[in-house]
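Everything on this sheet refers to the single structure shown next.
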Amino acid sequence: METKIEGMKVPYEVRVSEEASRPRIDHKLGNFTVVLPEEAEENSEDLLVKKKDWVLKKRKEFLRFKRKIPDRNLEEGGKISLLGDKKEITIEKRRSNKVSDKVYLAEHLVNRTSLEDQLEKLLREECRRIVEERVEKYSDQVSEEYDRVFIRDQETRWGSCSSRGNLNFNWRLILGPEHVLEYVVVHELVHLEEQNHNEKFWSRVREIYPNYKKSNRWLSENSSKLVFSKEKLDAFSS
Ligand SMILES: [Zn+2]
């Protein structure tokens, strides 16, 4: 569904929830979900209008974000930046995909799926290798042990740490600078000691990774640079 508020298109969905005790609006990637309790009498469009300052702010933020997404030249001969290092994408007859001086994709695999598919697969593996290395590097500096490392594909989260001590990282961190990936690793490791973003948490992050503010700022200003595929994002956000 879509409505217009002050001339701006606002895409939204309505969801009726047994758990919700009052109406609310959720936002993700430019789309809104009006969550209504089962017997709500409110009209969803009225609710959006009532919260229009917040709605329009979120929508504008998203459009700005979207405009900053790089146009990736995902084709043979194109270049992709991995941890700040630009690498050419090459397709050749070989058994498997590999990253070294270039990004080498195996022709038979590309033919079976697509270049974008194989590239994503390879970068996920590459990200796992690098993340695991960094987790090893920093894990001695926190007092709690981690359990397992998972590489995930999440739209907006860069990392998380579960209560069981599993560490999750977004594979698209490999598309950003190295210091950002390293910072996210340290951030999640520190969550093993302290779950909340309180003073103790940040002082531990600072001890282990003194330059963390620079990386944190990069993430909040440049997260659009970590979008791999504009098309995929468009599937979420009209
Ligand atoms: Zn955190």
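A short reminder: the numbers here are calculations on the coordinates, not readings from a lab. As the structure is a computational prediction, the values presented were derived from the model and not from experiment. Positions of Cβ are backbone-derived with ideal geometry, glycine not excepted, and every protein chain shown enters the neighbour counts.
List of remarks:
- In the chain, Cα pairs under 8 Å separated by at least six residues give a relative contact order of 15 percent.
- Positive end of the dipole of region 2-67 (Cβ unit charges, origin at the Cα centre): among LEU63, VAL35, VAL49, the Cα lying farthest that way belongs to LEU63.
- Between SER100, SER163, SER223, the Gaussian network model of the chain with springs among Cα atoms under 10 angstrom shows the greatest mean-square fluctuation at SER100.
- Under the convention that each Lys and Arg Cβ holds +1 and each Asp and Glu Cβ holds -1, the size of the dipole of the chain around its Cα centre is about 900 debye.
- Label zone at GLU133 (point 7 Å along Cα-to-Cβ), backbone N below 18 Å, region 60-83: 81-83
- Of all stretches in the chain that contain no GluC sites (Glu not before Pro) in a DSSP loop with at most 14 other Cβ atoms within 10 Å, the longest one is 77-143.
- Spin-label zone in region 18-36 - amide nitrogen under 16 Å from a point set 7 Å from the Cα of LYS66 along the C-beta vector: 27-33
- Qualifying trypsin sites (Lys or Arg not before Pro) in region 72-118, where qualification requires a DSSP coil assignment and no more than 10 other C-beta atoms within 10 Å, comprise LYS93, ARG95.
- The Cα atoms of region 102-238 cover 50, 31, 28 Å along the three principal axes, with the biggest extent listed first.
- Per-residue [θ]222 nm for the chain (sum of -39500 (n - 2.57) over DSSP H runs n ≥ 4, rounded to 500): -12500 deg cm²/dmol
- Using distinct alpha-carbon pairs, which all enter the 1/r mean, Kirkwood radius of the chain in Å: 20.3
- GNM on the chain, alpha-carbon springs under 10 angstrom: the most fluctuating residue among ASN166, ASN73, ASN222 is ASN73.
- Taking N as the residue count of region 163-238, its C-alpha radius of gyration divided by 2.2 N^0.38 Å amounts to 1.24.
- Gaussian network model of the chain, springs between alpha carbon atoms under 10 Å - residue of ARG22, ARG204, ARG172 with greatest fluctuation: ARG22
- Positive-end ranking of ASN166, TYR209, LEU192 along the dipole of region 155-217, with charges on Cβ about the Cα centre, is headed by TYR209.
- Relative to its Kirkwood radius, the Cα radius of gyration of region 2-67 gives an Rg/Rh of 0.99.
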